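Enquirer: The following block contains the structure, expressed as structure tokens.
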Amino acid sequence: MTSPNRPRSFQEIILRLQNYWAGQGCAVLQPYDMEVGAGTFHPATTLRALGSRSWAAAYVQPSRRPTDGRYGENPNRLQHYYQYQVIIKPSPPNLQELYLGSLRAIGLDPMVHDVRFVEDDWESPTLGAWGLGWEVWCDGMEVSQFTYFQQVGGHDCKPVSGELTYGLERLAMYVLGVEHVMDMPFNDPDSPTPLSYGDIFRQTEQEYSRWNFDQADTEMLFQHFKDAEAECARILAAAETDGAGRRIPMAHPAYDQAIKASHLFNLLDARGVISVTERQAYIGRVRALSKGCADLFLTTEAAGAA
Amino acid sequence: MPDLLIELFSEEIPARMQTRAREDLKRLVTDGLVEAGLTYASAGAFSTPRRLVLTIEGLTAHSPTTREERKGPRTDAPEKALEGFLRSTGLTRDQLEARDDKKGQVWFATITHEGRPAADIVAEVLDAAIRNFPWPKSMRWGAGSLRWVRPLHSILCILSDESGASVVDLDVDGIKAGDTTRGHRFMAPDAFTVTGFEDYAAKLRRAFVMLDTDERASEIRQQADNLAFARGWEIVADEGLLAEVAGLVEWPVPLMGVIEDRFLDLPPEVLQTSMKEHQKFFSARNPKTGRIEGFVTVANIVTPDDGATILAGNQRVLAARLSDAAFFWENDLREAKSGMETWAEGLKSVTFQSKLGSQADRIARIAALSREIAPLVGADPDQAELAARLAKLDLRSAMVGEFPELQGTMGRYYALQAGHDAAVADAARDHYSPLGPSDAVPTAPVSVAVALADKLDTLTGFWAIDEKPTGSKDPFALRRAALGVIRLATSTTVRMSLATITPKHFSRLFSQLQELGFAQIVKGTEDLPEDIAAEAKTRLEARMVPEDPDTGAQGLGKHEARAAQITSDLISFLHDRLKVYLRDQGIRHDIIDAVLAQDGNDDLVQVVNRATALNDMMATENGQNLTQGLKRAGNILAQAEEKDGVEYSFGADPKFADTDAERSLFAALDTADPAIRKAMASEDFPAAMQAIAGLRAPIDAFFEAVQVNTDNQILRRNRLNLLSRIRDAGRQIADFTRIEG
């Protein structure tokens, strides 16, 4: 993998993806400012996949999976990591080609590597969403998820969005030839202050792992879950018109509460206080919130409603 | 006679769907063509990850013109009737013909259906086939409404004959059929034109696409074998994996890699499963060491560095996977050596099924049942119980958490590490078996005891909560469990009375769940809104304490009635599965019915033995004639009994015998009766069959010579009572009235 085209740092890979997808006409958005488990939760994907309006966006999304925390010791697992997300509606006929172009852009030449599209259907029980597609393999490693959204929040996606999700750390480790995520150069290794991924995140992985697994106050988390659920329901039930008679349904604020509930559920799960039977009930509660938000969003201008 | 070539070119089709899909394409199109009046000489279907292909040779160029004659109303019928007839036939009055019929003159219409060119029919049939294709899962894409397994990119559809090829005029949701396709995604991405199947296959090969799945599979097999042979290794055969991998590549390029030394001490099952499930690698075994030391990965591309980059990448991914596996293995071994108590404790919080308690509850039940079954299968009860308690502990191990398919396999390793006997450890591995109709059946006594207990607990449990399989729905694989019981019982000849075991186990289940209390079971509803929780609690309770069918009462005291009902229900379910099982073994269904109608049918081994013996006898001429005789005797008897309102069952006296035939029948019965009784008592069914078969000649001779329903009432009664002895002789063996023919 010693091609002249080879990137030298984690951030260079991100920058190349940003440039590449900007060049394909995507709006390069910034991460959503809330704790989420995956880039899909960003309203730019979840909500914008609904409705008739065309859409094209790309962004980095910091993602949190409390149960995956390993105190920074595992070479591949992190409780906080980055996803790169691309969403285009309607899915263009050459989306696979566009995707392969993005691999070339970060130095993975499909003529030298073995790139494969292996069946992997995607489903998010908490979002009431599913789609068909593949996990993309490069030399036997899963480097991306590729999904054609069929339903979100229980609604058929018409038109269909194409969604690409890159697990950035894993992909970058492969491109850069790094064995342990903490050893990965974050910025240019020749810069005056070279920083590794570990320089930035080893301590935070330790701190959050301890908090996620041992310290998070479960009473408080349960209460916050109930609060988020109640607030979401209240927003969804609020009158669509405000005091001045303007119609302003509040789909996004409601959806923020659904995201919050979802993340609180993940935290409670990491603390091991949710039993197998309860799990399903909690997932059902978050799904109900997501569905409510999707229903409301579909009545708004952003969804193409009159 | 033109040839037809169709290619449906799409984004990557899941490997597991390709075989079915190409067969479906062939069936849908050929059926459609034939239905429209075309014929063809031969048809072949192919698939790759990106295409479904159908080639049809010797298709007729036109469908034939056909005439259809239709009879209309009488010529003197009201005008309205005639108008309707004209409308339905599309003819005018002067095109009709009046003919004489039985009831007078009647209008006849002759309708001509003009033949149509093959191209028109193909277009119609293919359009319908694409739109109604039976994919297990299909999707929409872009802004269109067409459904396909993944986005459909192009349709190649040409008819070709000596004068050349022509594109069939067809447009499916904006995809216009043409005569071009593309080769390998990376090695030959440009479009090219084809003129017929041979041209197509040859050009595809030059464009790095092997069209035939079987060819790809045999290429992979051969090259993998060669690579292994060069190192003195052998590939571990895996037909399922081979089929899958052949569906993942258009141009297979097997590459061989070596497993790092530090992973070689992992159990071979772990190496093999990890490589297969995560990487779709074939395992290579070193016959000298017996270990798995290498792998073959199948790439889809020829690279300038001969796959070096690809292999290095795969090796890297494998190392990461196996590091995880080694970590799990070491942690699990520590736990196993310390007695696995943490795992046993952990299973208390793993729900088996919400109404049937936790895995720990289930293990307690299986342990008790294993102990009970042990003496029946020649196992030591203490060992059987211990094995049952250990068998599922590996469900809590990290390795099984990662690879659920290694449940049992790991259990055996851990039980050995914990210092238990091989018989006990083997039961951990084998107690899930048999999983399918061709899976091996365990024969070691301890394994058989636990395997039977495992399945009987599942069946009793799901019957108790009324979750039986219906139609095609069998989410808990209860049919498989039933077949498992049958195969275990019959292949190791376990003699057990289900009518005794089942109600006892039901009581065990019932009192255990009572003890646990509803509170625990409905705990999961606590966080639900109050009204929903209350509703859920009521429903759970209603199911927990099943309603008594007679009184509608609920409660602990009523479960005996429920136990009896569940037992008979479950036994008849097992009988249904047994029928399917025996039918596959070549035993006629009516013969099974005849045996199942007898007492003792809750002992599956006895049922099988009887049915087999009876089936063997029925295959002889003697057996068939005997059945005729028995049935004839039964019929005459039944008619007489109905007419006279009495049952003839006793008192046939040889002194009233009037003919030699009658006398020799008496004599034959005197010999056969005790012989049958003795043979049945000692379960020597072939001997019983032989004994009853000896009655054939005397019965035949009797019916030949004697009229049963004679005017002499004394003789008649005596003869009817004699017939009842025949009936009784038969009933000792089977219910012959259920045998057909």
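Throughout, read-outs are computed from the coordinates displayed, never taken from laboratory work. Remember, predicted model here, so these are calculated numbers, not experimental data. Cβ placement follows ideal geometry from the backbone for every residue including glycine, while neighbour counts extend to all protein chains displayed.
Enquirer: Sort largest first and round to whole Å: the equivalent ellipsoid semi-axes of the protein assembly as shown, each the square root of five times a Cα gyration tensor eigenvalue.
Expert: 60, 45, 33
Enquirer: Taking θ as phi - 60°, what are the ³J(HN,Hα) couplings along the range A:92-104 by the Karplus curve (6.51, -1.76, 1.60), each to the nearest whole Hz, with x for Gly and Pro?
Expert: Calculated HN-Hα couplings, in order: x, x, 9, 4, 4, 5, 4, 4, 4, x, 5, 5, 4 Hz.
Enquirer: Further question: Enter the mean number of other protein chain beta carbons within 10 Å of the beta carbon of each residue in A:114-124, as an integer.
Expert: Across A:114-124, the average partner-chain Cβ count within 10 Å equals 6.
Enquirer: Give me a single rounded figure for A:139-150: the average over its residues of other chain Cβ atoms within 10 Å of their Cβ.
Expert: 5
Enquirer: Another one. Whole number please: convex hull volume per residue, Cα atoms of the range B:556-688, in Å³.
Expert: 171 Å³
Enquirer: Moving on to the next point. Along the charge dipole of the range B:56-138, Cβ charges K/R +1 and D/E -1, which of B:A128, B:L96, B:A77 sits furthest on the positive end?
Expert: After comparing all options, I get B:A77.
Enquirer: Not counting the cut sites, what is the longest span of chain B without GluC sites (Glu not before Pro) that DSSP labels loop and that have at most 14 other Cβ atoms within 10 Å?
Expert: With a cap of 14 other Cβ atoms within 10 Å, the longest stretch comes to B:261-525.
Enquirer: Going by a ≥ b ≥ c, the root eigenvalues of the Cα gyration tensor, does the range B:372-499 fall in the rounded group (a/c under 1.5), the prolate group (a/b larger than b/c) or the oblate group?
Expert: Cα axes put the range B:372-499 in the oblate bin.
Enquirer: Please work out the ratio of the alpha-carbon Rg of the range A:12-130 to 2.2 N^0.38 Å and round it to two decimals.
Expert: For the range A:12-130, the normalised Cα radius of gyration comes out at 1.14.
Enquirer: Here is a follow-up. Considering only Cα-Cα distances, which of the following residue pairs are longer than 22 Å: B:K392/B:K455; B:K26/B:K473; A:K291/B:K355; A:K158/B:K473?
Expert: Going by Cα-Cα distance, B:K26/B:K473; A:K291/B:K355; A:K158/B:K473 fall outside the 22 Å limit.
Enquirer: Write out the chymotrypsin sites (Phe, Trp or Tyr not before Pro) in the range A:261-304 meeting two conditions: DSSP loop, and at most 15 other Cβ atoms within 10 Å of their Cβ.
Expert: Sites meeting the loop and neighbour criteria: none at all.
Enquirer: A follow-up question, please. How large is the Kirkwood hydrodynamic radius of chain B, in angstrom, based on all distinct alpha carbon pairs?
Expert: 33.0 Å
Enquirer: Take the Cα pairs of the range B:73-112, get the Kirkwood Rh, then feed it into Stokes-Einstein at 20 °C and 1.002 mPa s and tell me D in µm²/s.
Expert: D, rounded to a whole number, is 209 µm²/s.
Enquirer: Hey, another quick one. With a/c under 1.5 counting as rounded, go ahead and sort the range B:616-741 into rounded, prolate or oblate using the C-alpha gyration tensor (a ≥ b ≥ c being the square roots of the eigenvalues; past the cut-off, prolate if a/b is larger than b/c, else oblate).
Expert: Cα axes put the range B:616-741 in the prolate bin.
Enquirer: Where does the range B:1-137 land on Rg/Rh, using Cα atoms and the Kirkwood Rh?
Expert: 1.23
Enquirer: Now, a different point. So what's Rg/Rh here for the range A:165-212, counting alpha carbon atoms and using the Kirkwood radius for Rh?
Expert: In the range A:165-212, Rg relative to Rh is 1.03.
Enquirer: For the charge dipole of chain B, defined by +1 on Lys and Arg C-beta atoms and -1 on Asp and Glu C-beta atoms about the Cα centroid, which residue among B:G411, B:L723, B:T180 has the Cα displaced farthest towards the positive pole?
Expert: B:L723
Enquirer: Sticking with this structure for a sec: Return the long-range amide H neighbours of A:V36 (sequence gap of 5 or more, or a different chain), with a cut-off of under 5 Å between placed amide H atoms.
Expert: Here A:R64 satisfy the definition.
Enquirer: Once you've got the Cα coordinates, tell me which of B:K579/B:K643; B:K504/B:K678; B:K337/B:K468; B:K655/B:K678 are over 30 Å apart.
Expert: B:K579/B:K643; B:K504/B:K678; B:K337/B:K468
Enquirer: Ok, one more. Let me have the 222 nm mean residue ellipticity of chain A computed from DSSP H runs of 4+ only, each contributing -39500 (n - 2.57), with the sum over all residues rounded to the nearest 500.
Expert: -12000 deg cm²/dmol
Enquirer: Using the Karplus curve 6.51 cos²θ - 1.76 cosθ + 1.60 with θ = phi - 60°, work out ³J(HN,Hα) for each residue of the range B:338-349 in order, rounded to whole Hz, and write x for Gly and Pro.
Expert: Per residue, the Karplus-derived 3J(HN,Hα) values read 8, x, 6, 5, 4, 5, 4, 5, x, 5, 5, 9 Hz.
Enquirer: Taking N as the number of residues in the range B:202-283, what is its Cα Rg relative to 2.2 N^0.38 Å?
Expert: Scaled against compact globular proteins, the figure is 1.20.
Enquirer: So if I place +1 on the C-beta of Lys and Arg and -1 on the C-beta of Asp and Glu, and nothing else carries charge, what would the dipole magnitude of the range B:425-479 be about its Cα centre? I want it in debye, nearest 20.
Expert: The calculation lands at about 120 debye.
Enquirer: Shifting gears a bit: Taking the dipole about the Cα centre of the protein assembly as shown, with the C-beta of Lys and Arg at +1 and of Asp and Glu at -1, give me whichever of A:I274, B:L483, A:A239 is farthest to the positive side.
Expert: A:A239
Enquirer: Ok, one more. Under a GNM of chain A (C-alpha, springs under 10 Å), which listed residue has the highest mean-square fluctuation: A:A244, A:A38, A:A294?
Expert: Of the options given, A:A244 has the highest mean-square fluctuation.
Enquirer: Would you mind checking which residues have amide H under 5 Å from B:G37's amide H? H placed 1.01 Å from N; only 5 or more apart, or other chain.
Expert: Those lying under 5 Å, H to H, from B:G37: there are none.
Enquirer: I would also like to ask the following. Mind running the shape call on the range A:100-220? Use the C-alpha gyration tensor, a ≥ b ≥ c as the square roots of the eigenvalues: rounded below 1.5 for a/c, prolate if a/b tops b/c, oblate otherwise.
Expert: It is oblate, given that a/c is not under 1.5 and a/b is not larger than b/c.
Enquirer: So what does log10 I(q)/I(0) come out to for the range B:213-337 at q = 0.10, 0.13, 0.22 Å⁻¹, using the Debye formula with one equal point on every Cα and no solvent?
Expert: The Debye formula, applied to the Cα set alone, gives -0.31, -0.51, -1.33.
Enquirer: Please list the non-local residues whose amide H lies under 5 Å from the amide H of A:M184, H modeled 1.01 Å from N, same-chain partners needing a gap of 5 or more.
Expert: Placed amide hydrogens put A:Y197, A:G198 under 5 Å from A:M184.
Enquirer: Starting at the first residue of the range B:599-611, write each ³J(HN,Hα) from the Karplus equation 6.51 cos²θ - 1.76 cosθ + 1.60 with θ = phi - 60°, in whole Hz, x for Gly and Pro.
Expert: So the Karplus estimates, Gly and Pro as x, are 5, x, 7, 8, 9, 5, 5, 5, 4, 5, 4, 4, 5 Hz.
Enquirer: If you don't mind, another one. In whole Å, what is the distance between the alpha-carbon centres of the range A:1-55 and the range B:283-309?
Expert: Taking the Cα centre of each part, the range A:1-55 and the range B:283-309 sit 36 Å apart.
Enquirer: Let me ask another. Treating the beta-carbon of each Lys and Arg as +1 and of each Asp and Glu as -1, no other charges, what is the dipole magnitude of chain B about its Cα centre, to the nearest 20 debye?
Expert: Once rounded to the nearest 20, the dipole reads 540 debye.
Enquirer: Return P(r) of chain A (all Cα-Cα pairs; 20 Å bins starting at 0; whole %; ordered from short to long distances).
Expert: 31, 57, 12, 0
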